[in-house]
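Chemist: Have a look at this one before I ask anything.
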Amino acid sequence: MRRIKRLKSIGILMLGLMAVGQVNAQIDDPVQWSATTRKVEGNKFEIIINARIDEGWHLYTTKLPEGGPLPTIFQFEEPNGYRLIGDIKELSDSKTEHDEVFNLDLSFFEGEAAFSQLIELTANEATININVEFQACYADKCIYLEKSMSTVAKASASTATIAAQVTESEPEKEIVTTVTPENETNLPEEANAEKESLWWFFFVAFAAGLAGLLTPCVFPMIPMTVTFFMGKQHNRANAILNAAVFGISIVAIYTSLGLIVSLFNLGSDFANTLTSHWITNTIFFALFVAFAASFFGLFEIVLPGSLANKTDSKADKGGLIGSFFLALTTVIVSLSCVGPIVGALLVEAAAGLGAKPIIGMFGFSLAFSIPFTLFAIFPSWLNSLPRSGGWMNSVKIVLGFIVLAFSLKFLLTIDQGYQLNIISREGYIATWMAIFTLLGLYLLGKIKFKFDSDLQHVGVLRLFLAIASFAFVFYLLPGLFGAPLKTISGLLPPESSQSFNIGNNQIIVGQPTYKANDENSLCEEPRYSDFLHLPHGLNGYFDYDQALRCAREKKKPLFIDFVGHTCANCKVMESQVWSNPEVLERLRRDYIIVALYVDDRTELPENEWVTSVRDGKVKKTIGKKNADFQATRFNVNGQPYYVLLDNNEEVLVEPRGFDLNVEAFIQFLDKGVEEFNKR
């Protein structure tokens with residue numbers, strides 16, 4: 001075929017290409033095509049079309065401006081046994097240069113190109129016949145060619161491959177969701193974060209134990225118990241020994257409650273179900289409201305009197321056994337006041353299972369038992385204790401307000417976990433503001449409850465607590481207008497639920513952008529974007545396979561965010577780390593983002609169900625499928641968890657969990673890009 005220089009008109013170009021050349025002319029065939037079929041999931045397959053381009057030649061992309069050369073066009077014969085899903089996608093990076101002949105900016109491929117088309121089988125087997133029309137150009141000529149190829153998709157096989165020509169394409173890496181537990185990681189960083197979390201929970205439980213001592217059911221028992229020991233023993237040494245046994249027994253009894261919870265550890269799926277299911281959260285909400293009502297004096301929660309009487313009669317026998325039964329009596333009687341505290345700790349601990357319930361109850365009981373033991377050993381210290389009185393009822397009322405505020409957390413869990421979208425962020429904040437305003441007024445004596453004594457004057461401690469309560473209310477106030485409230489963001493609804501927002505901190509929620517020629521846009525409309533969103537106006541996906549295809553098309557690394565609707569630390573990370581301008585810039589520019597919700601209860605179509613190789617169970621919801629993927633692939637079940645993958649699904653750098661160090665997160669993102677560019 002005769003060589004022709006680039007022309008300004010496609011029509012002239014076609015006529016030239018059809019002309020007959022000289023005797024010694026040769027037929028140019030600069031592009032070799034092949035097609036492969038890869039099973040994605042269920043009956044869905046991905047048709048990968050590969051083009052090998054001879055050196056010095058270039059192949060135009062599928063989308064070019066009007067008035068330019070012919071773009072690459074794929075035509076699928078009338079589908080028989082399958083249907084097309086969406087449009088064909090370009091998987092390879094293209095170059096864009098200004099063409100002086102056409103006076104247009106044109107995009108093209110050099111060396112090789114890959115394209116992808118999703119299909120869904122409607123029969124057990126289908127032959128996909130593909131025709132491609134394309135224009136290839138050299139330095140001084142362009143040619144127009146047509147090629148045909150075919151491949152086969154079988155429902156019974158995970159992959160099927162037939163080359164279009166003699167040349168076979170190199171097999172692409174199969175997209176895997178949760179098939180094999182390869183590249184498992186159990187990282188020191190994750191272990192360290194878990195240890196820090198346990199220590200933090202221990203200290204929270206210890207503080208809760210100290211708070212429980214100030215309740216009306218417990219505080220008066222301290223001098224009574226010490227008097228019991230001093231009156232029953234013949235010498236001080238026996239009193240100290242029995243007091244020690246008494247304290248150890250309290251620790252053992254409470255810790256055994258945590259042990260029972262741990263023994264019923266049914267795995268991470270059980271923990272996730274326990275803390276996110278609407279039934280358990282409704283029960284917890286009702287219990288916390290009941291506890292608050294009890295603290296306010298509406299009724300008193302008491303255990304059967306016969307139980308306390310039986311244990312008390314055993315304690316009267318004295319000796320070490322008597323000390324144990326006195327400890328048991330103390331625990332039973334104290335539960336009327338500290339039951340809500342113990343229940344809250346166990347509910348919180350259930351989210352972690354393992355050793356967390358044991359550590360929580362140990363911390364609580366240790367703080368609870370130490371004063372009893374110390375006052376029994378040093379009875380003269382009793383003189384320094386404040387007298388029992390109305391202040392103890394005030395402690396109960398304050399705890400009632402706090403318990404009532406935190407009861408809303410369980411309603412929020414239901415609202416977010418099931419995408420009910422009933423609780424708005426400003427409504428939630430306004431409720432908290434009302435509760436803590438009433439608390440401040442109570443501390444100043446402006447509100448009086450049933451068993452309160454007359455308040456003659458406001459003490460210094462009450463004044464400071466009232467100031468703290470009102471200060472917290474004023475801190476919450478900007479949140480009504482869209483302020484992120486980073487310090488407590490993990491306890492609030494996501495900023496995307498804010499219906500009234502002003503200022504620069506507005507969270508933009510809407511349809512993600514997906515423009516073909518925009519480097520920072522998405523490749524296709526994200527699945528589940530009608531009810532799942534990313535913070536801070538970020539664009540991304542919520543389906544792993546879809547995100548991976550786009551990452552390969554854009555030649556960008558994949559940023560996986562394992563997240564949960566009910567994950568408080570996830571919200572904190574998004575509010576305090578992701579909100580940093582440098583972090584947002586890197587996420588938008590350098591990565592394809594996919595947020596995989598592990599607690600979303602949206603049912604999947606049956607052909608997308610996954611059978612776990614980890615536990616053999618069928619995962620039928622978005623959340624269970626994502627949670628199984630995280631546990632199987634990365635051997636981690638905690639959130640947040642951030643993973644950077646290359647286009648071959650290999651980990652680029654060590655994944656990260658919860659860490660509020662912004663600079664470290666920026667380095668994490670930069671290192672991922674650096675490693676990606678090396679591969």
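Chemist: Can you tell me how much longer the chain between Leu259 and Trp200 gets when fully stretched, taken as 0.36 nm per residue apart minus their C-alpha distance, in nm with one decimal?
Modeler: 19.3 nm
Chemist: Related question: Placing +1 at every Lys and Arg Cβ and -1 at every Asp and Glu Cβ, with all other atoms neutral, what dipole size does the range 513-678 have around its Cα centre, in debye to the nearest 20?
Modeler: It comes to approximately 260 debye.
Chemist: A further question on this structure: Each label point is 7 Å from the Cα along the Cα-to-Cβ direction; what then is the distance between the points at Asp54 and Asp454, in nm?
Modeler: Rounded to a tenth, the inter-label distance reads 10.7 nm.
Chemist: Under the rule of at least 5 residues apart or a separate chain, name every residue whose amide H is placed under 5 Å from the amide H of Glu125.
Modeler: Ala155
Chemist: Using θ = phi - 60° and the Karplus form 6.51 cos²θ - 1.76 cosθ + 1.60, what ³J(HN,Hα) does each residue of the range 524-529 get, whole Hz, x for Gly and Pro?
Modeler: 7, 5, x, 5, 6, 6
Chemist: Shifting gears a bit: Can you give the log10 of the normalised intensity I(q)/I(0) at q = 0.13, 0.17, 0.18 Å⁻¹, computed with Debye over equal Cα scatterers of the range 513-678?
Modeler: -0.60, -1.06, -1.20
Chemist: Can you flag which of Lys44/Lys154; Lys486/Lys624; Lys486/Lys625; Lys44/Lys617; Lys409/Lys446 are past 19 Å Cα-Cα? Write out the running numbers ahead of the final one.
Modeler: Working: Lys44/Lys154 10 Å; Lys486/Lys624 29 Å; Lys486/Lys625 31 Å; Lys44/Lys617 22 Å; Lys409/Lys446 28 Å.
Long pairs (Cα-Cα over 19 Å): Lys486/Lys624; Lys486/Lys625; Lys44/Lys617; Lys409/Lys446.
Chemist: Which one of Leu548, Asn635, Ser612 has its Cα pushed farthest toward the positive end of the charge dipole of the range 513-678, where Lys and Arg give +1 and Asp and Glu give -1 at the Cβ?
Modeler: Of the candidates, Ser612 comes out farthest on the positive side.
Chemist: Multiply the residue gap between Asp105 and Ala293 by 0.36 nm, knock off their C-alpha separation, and tell me the result in nm, one decimal place.
Modeler: Stretched fully, the Asp105-Ala293 segment lengthens by 60.5 nm.
Chemist: At a 10 Å Cβ-Cβ cut-off, how would you order Lys619, Lys450, fewest neighbours first?
Modeler: Lys450, Lys619
Chemist: Fewest first, what order do Leu465, Leu408 take by the number of other Cβ atoms within 10 Å?
Modeler: Starting with the residue having the fewest Cβ neighbours, the order is Leu465, Leu408.
Chemist: Now for a separate question. Can you pull out the GluC sites (Glu not before Pro) in the range 33-67 that DSSP calls coil and that have at most 10 other Cβ atoms within 10 Å? Please list the in-between numbers first.
Modeler: On the way: sites: Glu41, Glu46, Glu55, Glu66; in loops: Glu55, Glu66.
Passing both the DSSP loop test and the Cβ count: Glu55, Glu66.
Chemist: While we're looking at this one, here's another question. Could you list which residues have their amide H under 5 Å from that of Tyr541, counting only those 5 or more apart in sequence or on another chain, with H placed in the peptide plane?
Modeler: Ile593, Val594, Ala595
Chemist: For Leu492, Leu84, which order do you get if you count the other beta carbons within 10 Å of each Cβ and list the fewest first?
Modeler: Ascending Cβ contact count within 10 Å gives the list Leu84, Leu492.
Chemist: Taking H placed 1.01 Å from N in the peptide plane, check which residues at least 5 places from Val563 or on another chain put their amide H under 5 Å from its amide H.
Modeler: Hits under the 5 Å cutoff: Leu596, Tyr597, Val598.
Chemist: Whole-Hz ³J(HN,Hα) for each residue in the range 242-247, computed from phi via Karplus 6.51 cos²θ - 1.76 cosθ + 1.60 with θ = phi - 60°, x for glycine and proline: what do you get?
Modeler: 5, 5, 5, 4, 4, x
Taken together, the values in this text are just the output of simple stated rules run on the coordinates, not laboratory data. Keep in mind that what you see is a predicted model, and the values were worked out from it rather than measured. A quick note on method: Cβ atoms are made from the backbone with ideal geometry, for glycine too, and the neighbour counts reach across all protein chains shown.
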